[in-house]
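Please read the structure below before turning to the comments.
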Amino acid sequence: LSLDAELKKAVEHQQFCLLYQPQMDIRDQQIVGAEALLRWQRSENELIAPGAFMSTLESSGLIRPLGEWIMQEALRQQASWAQQGVCLQMGINVSPVQLEQGKILDQLERMVADAGCDRSSVCIEITESLAIKKPLMVAKTLSSIREAGYKVALDDFGIGFSSLEYLLRFSFDILKIDRAFIWNLAQGSKEQAIVRALAPLCQSLGLKTVAEGVETRQQYDLLSSIGVDQVQGYMLSRPVTADAVTELISDFR
Ligand code: G
Ligand code: G
Ligand code: MN
Ligand code: NA
């Protein structure tokens, strides 16, 4: 079976799940959000991360129906946390293929109404590293999503095709600094120079900053002194099940 055909069957048989990676606000030291991360449960003991299959989902168009499921599942989870008194901003990755379609805002609006979520606590993440075929359509869609009250984040900032040009062309609320700039932050003078320059740049542009891939206390302390707003990474937690996030939060309180 080709990967294409295998994924088609996996979508039909709902062999996907979401893990969640928590995000902490540096100032209040509280868990304030979580990013939903797709996994393919290929067999009982095979949980596959999207690097291995996302481009096939996109080229086959399967990301459209699966993307709808991802949004619905993440929003239901967010509503279920809210019912337990756990209010987290939910980060949902979307593919440019979903944005080029022009239907995503209607889908979101329907799902948010069904789940009873608050628009301002839903954050749509788009990855800078992907080539966008219809930039005008994507720009229009992102603006309309923001105008409706959702947040939009630029993911994996700094390693993609257009870096700073993206900040001109599209409008965002949040910039996620790629972990390429974080893993060696404590030792690397270049990494530090870049992150130190990004923080005030983002502040001037009205963007909140999230550092990705934060693994150590030393990195965290540096990011705190630099003025980055939030962190995500193994220091806090790997991507885990929704129940594991609930437990982590109860440990924090
Ligand atoms: O899951 P992992 O931590 O390996 O994530 C790798 C990348 O895969 C993420 O940075 C993100 O860009 C992409 N990704 C993860 N989940 C989703 C998803 O639900 N939809 C889309 N479009 N991309 C995702
Ligand atoms: O959306 P994005 O492509 O940034 O997805 C995050 C990816 O990075 C996921 O594959 C996740 O498993 C991985 N990741 C998350 N936190 C860390 C971390 O602290 N260190 C490393 N090396 N990888 C991380
Ligand atoms: Mn992401
Ligand atoms: Na990322």
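So here's what we get for this one:
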{"read-out": "Alpha carbon centroid spacing (whole Å) that separates the range 111-146 from the range 42-65", "value": "21 Å"}
{"read-out": "Long-range lysine pairs (8 or more apart or interchain), the chain, Cα under 19 Å", "value": "9"}
{"read-out": "Cut-off 9 Å between beta-carbons: net charge of the residues surrounding CYS123, Lys and Arg +1, Asp and Glu -1", "value": "-2"}
{"read-out": "Ellipsoid equivalent to the range 41-174 - semi-axes via the Cα gyration tensor, in Å", "value": "23, 20, 14"}
{"read-out": "For the range 20-29, Karplus couplings with θ = phi - 60° (6.51, -1.76, 1.60), whole Hz, Gly/Pro x", "value": "10, 10, x, 10, 10, 7, 5, 5, 8, 6"}
{"read-out": "For the range 67-82, Karplus couplings with θ = phi - 60° (6.51, -1.76, 1.60), whole Hz, Gly/Pro x", "value": "x, 5, 4, 4, 4, 5, 5, 5, 5, 5, 5, 4, 5, 5, 4, 4"}
{"read-out": "Amide H contacts under 5 Å for ILE48, placed H, 5+ residues apart", "value": "TRP40, GLN41, ARG42"}
{"read-out": "Residue-count net charge about GLY227 - beta-carbon cut-off 15 Å; Lys, Arg +1, Asp, Glu -1", "value": "-1"}
{"read-out": "Rg(Cα)/(2.2 N^0.38 Å) for the range 3-252, N = residue count", "value": "0.98"}
{"read-out": "Rounded to 5, the percent of DSSP beta bridges in the chain classed as antiparallel", "value": "45 percent"}
{"read-out": "Max mean-square fluctuation residue, GNM over the chain, Cα-Cα springs under 10 Å, options GLU215, GLU165, GLU191", "value": "GLU165"}
{"read-out": "For a label point 7 Å along the Cα-to-beta-carbon line of LYS133, residues of the range 28-58 with backbone N under 14 Å", "value": "55-58"}
{"read-out": "Computed lengthening from ARG27 to GLN14, 0.36 nm per intervening residue step minus Cα-Cα distance", "value": "0.7 nm"}
{"read-out": "Calculated FRET efficiency for the pair THR56/ALA180, C-beta based, R₀ 22 Å, to 0.05", "value": "0.35"}
{"read-out": "Residue order, fewest to most beta carbons within 10 Å, for VAL210, VAL112", "value": "VAL112, VAL210"}
{"read-out": "Phi to ³J(HN,Hα) by Karplus 6.51 cos²θ - 1.76 cosθ + 1.60 over the range 154-161, Hz, x for Gly, Pro", "value": "9, 8, 6, 4, x, 10, x, 7"}
{"read-out": "For the range 1-44: rounded, prolate or oblate by the Cα gyration tensor [a/c cutoff 1.5]", "value": "prolate"}
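Every number here is computed from the coordinates shown, using simple stated rules; none is lab data. Bear in mind that the values here come from a model prediction, so they are computed numbers and not experimental data. Ideal geometry is used to build each Cβ from the backbone, glycine not excepted, and the neighbour counts take in all protein chains shown.
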